[in-house]
Amino acid sequence: METIILDGKKTAQEIKDELKVEVSELKKNGIEPTLAVVLVGSDPASQVYVKNKKIACEYVGIRSLSYELDQSTTEEELLELVNQLNNRDDVHGILVQLPLPKHIDEDKVLLAIDYRKDVDGFHPISVGNLSIGSKGFISCTPYGIIELLKRYNIEMQGKKCVVIGRSNIVGKPISLLMLRENATVTICHSRTKDLASECKQADILVAAIGRANFVTPDFVKEGAVIVDVGINRLETGKLCGDVDFEACKELAAAITPVPGGIGPMTIAMLMKNCVQAAKE
């Protein structure tokens with residue numbers, strides 16, 4: 001049986017093309033979806049993310065406002081900017097790029113964003129809505145995972161899903177989304193006993209721990225679907241995921257590559273959230 005490569009790049013492109021049509025309809029009705037992106041400091045990875053978000057906005061037709069602030073920006077100044085953006089009717093989505101410099105309290109900043117403009121899905125109200133199954137913004141990476149699986153017609157209902165990692169950005173929300181899709185969910189982490197045997201029971205295995213090539217074939221049940229959320233850079237400069245792709249691919253029914261898997265999906269879902277915010 002040929003392993004299916006879950007092509008996030010191609011799928012993200014399809015989503016952006018659909019959104020492009022939606023945005024041009026909105027513009028005809030006098031609504032111009034607008035995303036404000038705030039970057040503090042000069043973290044190279046963050047700069048790349050911000051650039052990619054701008055390119056995606058441009059493609060879809062979303063107006064993007066960019067605020068690139070100095071490393072020395074105070075928490076007070078950042079909160080003031082967020083407050084201004086909250087109050088602007090022409091701004092639909094606000095995204096503060098994480099991580100923030102050490103002297104700024106991330107939680108305080110995320111709390112300050114109007115939850116109706118929280119296109120990253122990190123606000124406690126968004127997270128609360130997700131956990132009780134109410135409508136609200138879903139953080140883009142987990143949202144992208146679910147969307148990718150759906151577009152490849154991968155059944156989640158009744159399946160055993162094992163998530164490695166319990167971060168607020170991926171691990172916890174993907175677990176809640178899998179529950180919403182009627183999967184049976186196990187969350188594993190650094191304190192889990194006998195991690196490999198837990199993972200080996202998974203029909204769908206989601207790796208989100210940030211450790212290069214951590215998941216090896218002894219973690220994988222034959223015929224499982226593997227979703228690799230990790231983006232790690234090896235000493236050679238090559239990008240790789242949390243899953244040893246070449247070794248695990250043989251066992252899997254379907255697997256996401258790194259790069260070109262969940263990364264592009266994350267940005268596509270951010271665009272989807274922005275369009276949603278503008279519609280509302």
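Every read-out reported here was derived from the displayed coordinates using simple, explicitly stated rules and does not represent laboratory data. All figures in this text were calculated on a predicted structure; none of them were measured in a lab. Here the Cβ is made from the backbone with ideal geometry for all residues, glycine too, and neighbour counts use every protein chain on show.
With coordinates expressed along the principal axes, the C-alpha atoms belonging to the stretch 136-220 extend over 34, 24, 19 Å, beginning with the largest.
The tail of the calculated P(r) for the chain beyond 30 Å holds 31 percent of all Cα-Cα pairs.
Anything over 24 Å Cα to Cα? Flag those among Lys9/Lys53; Lys135/Lys272; Lys28/Lys117; Lys20/Lys108; Lys238/Lys272; Lys117/Lys238, in the order listed. In this structure, Lys20/Lys108; Lys238/Lys272; Lys117/Lys238 exceed 24 Å between Cα atoms.
For the stretch 31-106, the mean projected area of the C-alpha convex hull, equal to one quarter of the hull surface, is 4.8 nm².
Of the chymotrypsin sites (Phe, Trp or Tyr not before Pro) found in the stretch 76-137, none is in coil by DSSP with at most 14 other Cβ atoms within 10 Å of its Cβ. For the stretch 236-280, the list of trypsin sites (Lys or Arg not before Pro) that fall in a loop by DSSP and count at most 16 other C-beta atoms within 10 angstrom reads Lys238. Hull volume per residue, based on the alpha-carbon atoms of the stretch 176-272 and their convex hull, is 115 Å³.
Taking the chain as a Gaussian network, where each spring joins two C-alpha atoms under 10 Å apart, which residue of Pro124, Pro257, Pro33 fluctuates the most? Looking only at Pro124, Pro257, Pro33, the biggest GNM fluctuation is shown by Pro124. Looking at the chain, the DSSP beta bridges with both ends there are about 5 percent antiparallel. The GluC sites (Glu not before Pro) found in the stretch 178-255 that occupy coil by DSSP, while having at most 16 further C-beta atoms within 10 Å, are Glu222, Glu235, Glu250. Hey, what angle do you get for helix 262-279 against the long axis of the chain, alpha-carbon based, 0 to 90 degrees rounded to 10? Value to nearest ten degrees: 40. Of the beta bridges in the stretch 178-265, as assigned by DSSP with both residues counted there, near 20 percent are antiparallel.
Pairs spanning more than 29 Å between alpha-carbon atoms, out of Lys10/Lys102; Lys54/Lys160; Lys150/Lys200: Lys10/Lys102; Lys54/Lys160. Scaled to the globular estimate 2.2 N^0.38 Å, the Cα spread of the stretch 118-184, given as radius of gyration, is 1.05.
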